[in-house]
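S.K.: Structure provided below as structure tokens; questions to follow.
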Amino acid sequence: MREEYIYLDHYRTTPLKEEIFEKMKPYFNEHFWLPASFTSTGTEISEVIERSKKAILNAFGLRKGNVIFTSGGTLANNLVIHGLLRDADLQHTHLIASKVDHLSILKPYGYYKKKGTKVTLLNTDENGYVALDELRASLTRDTRLVAITYVNHTIGTVQNVKEIIDIVKNYNDKIMILVDGCEAVNSVKIDLSQLDIDFLTLSGHKIYGPKGTGAVIARDAKNLKPVIFGFVETSPYTPGAENIPGIVGISESVKFAVENRERYVKHCSDIQHYLVDKMEKNISDIVLNGPKIGERAVDNVNYSIRYIEGESITLFLDFEDIVVATGSACASSDLKVNYILSAIGRDHEMAHGSIRLTLGWDNTKKQIDVFIDKLIPIVERLRKQSTISRVRVGG
Amino acid sequence: MAVIKYTDKVIEHFKNPRNVGEIENPDGVATVGSPACGDQVTVFLKIDNDRIKDIKFLSYGCASNIATGSIVTEMTKGKRVEEAKKVTWKQASEELGGLPPVKIHCSVLAVDGLKAAIKNYEEKKLGIKHNAIVDENYIIERLEKIIYPKTGENIVAAKLVKYLKFEDGNLTIEITFDETDKFKQNVLEEIQEYMGEIKEIRKLDLRVVDY
């Protein structure tokens, strides 16, 4: 990879922002201490953790609440699900999520299903919106938790979280709501003073913060039981030594994302419109996966390029120093087609040639021009040698 | 995740595949695989005096599939038909400097395409009938075409298939996986697909068992 490459895979990860890195640095070496009471070194770090928590709560409109720092979004979702179910009567517990939720929700749900817990995975429409009628119909006396991935990590669907919460809480306000906000924080306003979310989970590396950081924001942690045990320094949920530079990093990245959200939305939305316009004008036989532009997340574009395979497209772009992602089974480590594309009704062939283009601060319209210029001949040559394009493209 | 990458030779063949395209009025032609479940390859043959005078292929597939198609056509062009029949995906993979186990599955298809095109030539031009007797041995041979992506061996050699019985058109297969095996679904689908092609099998009872 050359130094100047075009990165269109921001939903996979984002670069750590230099300013955020600078704020983390002292806590790696000079101020390497861990939190403690009374001593000057220990209390300094305790204060750093408290400030970081407060900054995160404030960024989401809360004055009080609990912040549990984790190693990422996956551990955050797992801590909530296992923590809520630890002492539950699993045979009389009911969990709800949708078929397009993140695997860090679906896999723990699968684990409880095997243990006898009732699990409902809601269907979605063809754009990935959760079926609200199904949600209404599925709520029962045993329902304990409803989980929602706010912005879909493959097709950029922004769920109608407010409506989902209203349906659930009107039925029974004791049902807990877990919202995975990992892909949402950059572009969607999340105001917890307005939204009755019980647990919001975050990931640092998706918002220009450090890898290996995440958080659970718990409105009230009393329902949550610890599931990891050891020496408790500050949080009973995550015993052991804290990742102080990481805590500073994710807190700074949340502040940065929330403070710059409007600018981010404008920036990405401009490029998204430009990209989609160029794709539609220059590449034939493509289908947009997910909601239309204007409705979907501003930093997500996902196309199926018919008659060709995604790993081939991805590799040819890689040779040109352009980074994208694909939903092709050939490119996945388990040879399975992307489950989200399947859930919205795309067949194997459509998923086979899908590419996900996710935008960020560093992208420019000029980069999009270069991307399209490189993509056109790649699609042309792969279609020329494809077994199925000749039949259908009339070549 | 282990580092999974292609050799320079795979990349070179993927970038500049040899013998891509179609042959008009081929002596043998076959399409294997299906867009409904993955890659697809078509192989065209021109045979002259029992030799492969020309061979071309088309691929709706990934880099491993395209590169194997390319190397296989290069390995067999000019060869006698009997020699070409003996080419295995293992040889093709070795020619390419090796393939990651998870990608062998995609490369087998290209070799299957060659074999199927030769079969088509033999049936069409030489009138040879390929009516194999469908028995348990035949079914095991077919199962040996299915690659276990974790190790790159076939599923029989990888000892996943624990029991097999074929009687009166009813086929029972017992297969085992580790709890964490992420290729389970993939292997089960492949078995369904391969067994679905054998019309003598009226009913397939595919059981996942613990061992």
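S.K.: Arrange A:C268, A:C182 by Cβ neighbour counts within 10 Å, fewest through most, would you? Could you put the intermediate results ahead of the total?
M.R.: Details: A:C268 23, A:C182 28.
Least crowded to most crowded, the residues run A:C268, A:C182.
S.K.: Right, something else. Using Cα atoms only, what is the angle between the long axis of helix A:365-384 and the major principal axis of chain A, expressed in degrees (0 to 90) to the nearest 10?
M.R.: 50
S.K.: Moving on. Would you mind ranking A:R346, A:R51, A:R381 so that the residue whose beta carbon has the fewest other beta carbons within 10 Å leads the list?
M.R.: Details: A:R346 22, A:R51 13, A:R381 16.
The order, fewest Cβ neighbours first, is A:R51, A:R381, A:R346.
S.K.: Specify whether the C-alpha gyration tensor of segment B:66-157 places it in the rounded, prolate or oblate class, a ≥ b ≥ c being the square roots of the eigenvalues: rounded for a/c under 1.5, otherwise prolate if a/b is larger than b/c and oblate if not.
M.R.: oblate
S.K.: What does the net charge come to around B:N19 if you take all other residues with beta carbon closer than 9 Å to its beta carbon, with K and R at +1 and D and E at -1?
M.R.: +1
S.K.: On a 0 to 90° scale, report how tilted helix A:40-59 is relative to the longest principal axis of chain A, with both axes built from alpha carbons and the result rounded to the nearest 10.
M.R.: Rounded to the nearest ten degrees, it is 50.
S.K.: Assign unit charges at the C-beta atoms only (+1 for Lys and Arg, -1 for Asp and Glu), then state the dipole size of segment A:55-191 relative to its Cα centre in Debye, rounded to the nearest 20.
M.R.: Charge dipole, segment A:55-191, about its Cα centre: 500 debye, nearest 20.
S.K.: Next question, about the same structure. What is the local net charge at A:G345, summed over the other residues whose Cβ is closer than 10 Å to its Cβ (Lys, Arg +1; Asp, Glu -1)?
M.R.: -2
S.K.: If the label point is 7 Å along Cα→Cβ of B:K90, which residues in segment B:112-145 have backbone nitrogen under 15 Å from it?
M.R.: B:144-145
S.K.: Per residue of segment A:136-142, in order, report the coupling 6.51 cos²θ - 1.76 cosθ + 1.60 (Karplus, θ = phi - 60°) as ³J(HN,Hα) in whole Hz, putting x for Gly and Pro.
M.R.: 4, 6, 8, 5, 9, 4, 8
S.K.: From zero up to wherever the largest Cα-Cα distance of segment A:143-285 sits, split into 5 Å bins and tell me the percent of pairs in each.
M.R.: 2, 8, 14, 18, 18, 15, 11, 7, 4, 2, 1, 0
S.K.: Over the Cα atoms of segment A:112-204, what radius of gyration and what Dmax do you get, in Å?
M.R.: 13.3, 38
S.K.: Put a dot 7 Å past each Cα toward the Cβ at A:V287 and A:V227; how far apart are the dots in nm?
M.R.: Placing both labels 7 Å along Cα→Cβ, they lie 3.7 nm apart.
S.K.: Still on this structure: Between B:A157 and A:D347, what is the FRET efficiency for a Förster distance of 41 Å, r being their Cβ-Cβ separation, to the nearest 0.05?
M.R.: The calculated FRET efficiency here is 0.80.
S.K.: Evaluate Rg over Rh across segment B:111-211, taking Cα atoms for both radii and Kirkwood's formula for Rh.
M.R.: Working: Rg = 15.1 Å, Rh = 14.8 Å.
Ratio of gyration radius to Kirkwood radius for segment B:111-211: 1.02.
S.K.: Amide H to amide H, which residues 5 or more places from A:T120 or on other chains are under 5 Å from it, using H placed in the peptide plane?
M.R.: So A:T120 has HN proximity to A:L95, A:I96, A:A97.
S.K.: Tell me which residues come under 5 Å, amide H to amide H, from A:L34 once H is placed; ignore anything under 5 positions away on its chain.
M.R.: Placed amide hydrogens put nothing under 5 Å from A:L34.
S.K.: Further question on the same structure: Using +1 on the beta carbon of Lys and Arg, -1 on that of Asp and Glu, and nothing else charged, what's the dipole of segment A:18-259 about the Cα centre, debye to 20?
M.R.: In debye, rounded to 20, segment A:18-259 gives about 660.
S.K.: Oh, and also: From Cα coordinates alone, what are the radius of gyration and Dmax values for chain A in angstrom?
M.R.: Using the Cα atoms of chain A, the pair Rg, Dmax is 22.0, 78 Å.
S.K.: Looking only at segment A:342-380, which residues have a backbone nitrogen under 17 Å from a spot 7 Å from the Cα of A:E4 in the C-beta direction?
M.R.: Taking a point 7 Å out along Cα→Cβ of A:E4, the residues of segment A:342-380 whose backbone N falls under 17 Å are A:362-374.
S.K.: May I ask you to evaluate 6.51 cos²θ - 1.76 cosθ + 1.60, the Karplus curve with θ = phi - 60°, for each residue of segment A:332-340 and list the ³J(HN,Hα) values in order in whole Hz, giving x for glycine and proline?
M.R.: My calculation for segment A:332-340 gives 8, 6, 10, 6, 9, 5, 3, 6, 6 Hz in order.
S.K.: Further question on the same structure: Please identify, among A:N243, A:N77, A:N282, the residue showing maximal mean-square fluctuation in a Gaussian network model of chain A using a 10 angstrom Cα cutoff.
M.R.: A:N282
S.K.: Please arrange A:R306, B:R51 by how many other C-beta atoms lie within 10 Å of their C-beta, fewest to most.
M.R.: In increasing order of surrounding Cβ atoms, one gets B:R51, A:R306.
S.K.: Would you pull out the residues with amide H under 5 Å of A:E233's amide H, same chain only if 5 or more places away, H placed 1.01 Å from N?
M.R.: Those qualifying (amide H under 5 Å, at least 5 residues apart or on another chain) are A:G240.
S.K.: Could you tell me which Cys residues in chain A have no other cysteine's Cβ under 4.7 Å from their own Cβ, answering none if every one has a partner?
M.R.: A:C182, A:C268
S.K.: Alpha carbon centre of segment A:183-249 versus segment A:68-134: separation in Å?
M.R.: 18
S.K.: Further, regarding this structure: Once the Cα atoms of helix A:73-85 and of chain A are each reduced to a long axis, what angle between those two axes, in degrees from 0 to 90 to the nearest 10, is obtained?
M.R.: 50
S.K.: Among A:K99/A:K384; A:K53/A:K162; B:K56/B:K124; A:K211/A:K278; A:K17/A:K336; A:K54/A:K189, which pairs are too far apart, with a Cα-Cα distance over 27 Å?
M.R.: Cα-Cα > 27 Å for A:K99/A:K384; A:K211/A:K278; A:K17/A:K336; rest within.
S.K.: Which length gain, in nm to one decimal place, applies between A:K25 and A:S37 when the Cα-Cα distance is subtracted from 0.36 nm times their residue separation? Kindly include the intermediate steps, with their values, before the conclusion.
M.R.: Details: separation 12, 0.36 × 12 = 4.32 nm, distance 2.31 nm.
Gain on stretching A:K25 to A:S37: 2.0 nm.
S.K.: Determine which residues of segment A:84-125 fall in the zone a paramagnetic label at B:E179 would reach in this model, i.e. backbone nitrogen under 14 Å from the point 7 Å along Cα→Cβ.
M.R.: A:108, A:110-116
S.K.: Given R₀ = 30 Å, what would the calculated FRET efficiency be for A:K107 paired with A:L132, taking r from the Cβ atoms and rounding to 0.05?
M.R.: 0.75
S.K.: Binning at 10 angstrom from zero up to the longest distance, how are the C-alpha pair distances of segment B:8-125 distributed in percent?
M.R.: 16, 52, 29, 4
S.K.: Continuing with the same structure: Take the alpha-carbon centre of segment A:299-361, take the same for segment B:1-65, and report the distance between them in whole Å.
M.R.: 22
S.K.: Taking every DSSP beta bridge that has both residues in chain B, what percent is antiparallel when rounded to the nearest 5?
M.R.: Just about 75 percent of them are antiparallel.
S.K.: Turning to a different aspect of this structure: Using θ = phi - 60° and the Karplus relation 6.51 cos²θ - 1.76 cosθ + 1.60, list the HN-Hα couplings for segment A:179-189 in order, rounded to whole Hz, with x at every Gly or Pro.
M.R.: Listing the rounded values in order: 10, 7, x, 3, 8, 8, 4, 4, 10, 10, 6 Hz.
S.K.: When only alpha-carbon atoms are used, what values of Rg and Dmax, in angstrom, describe segment A:272-340?
M.R.: My reading of the Cα-based Rg and Dmax gives 12.7, 34 Å.
S.K.: Okay, moving on. Nearest 20 debye, what's the magnitude of the dipole of the protein assembly as shown about its Cα centre given +1 on Lys and Arg Cβ and -1 on Asp and Glu Cβ?
M.R.: The dipole magnitude comes to about 300 debye.
S.K.: Mind giving me the nanometre distance, one decimal, between the label points for B:N170 and B:E193, set 7 Å out from Cα along Cα→Cβ?
M.R.: Once both label points are built, they end up 2.9 nm from each other.
S.K.: Moving to a separate point now. What does the charge count near A:I45 come to, summing +1 for each Lys or Arg and -1 for each Asp or Glu among other residues with Cβ under 11 Å from its Cβ?
M.R.: Values: positive: A:R51; negative: A:E44, A:E47, A:E50, A:E233, A:E242.
Residues close to A:I45 contribute a combined charge of -4.
Bear in mind that the values in this text are calculations on the coordinates, not laboratory data. Everything quoted here is computed from the prediction, not taken from an experiment. Here Cβ is always computed from backbone atoms with ideal geometry, including for glycine, and neighbour counts include all displayed protein chains.
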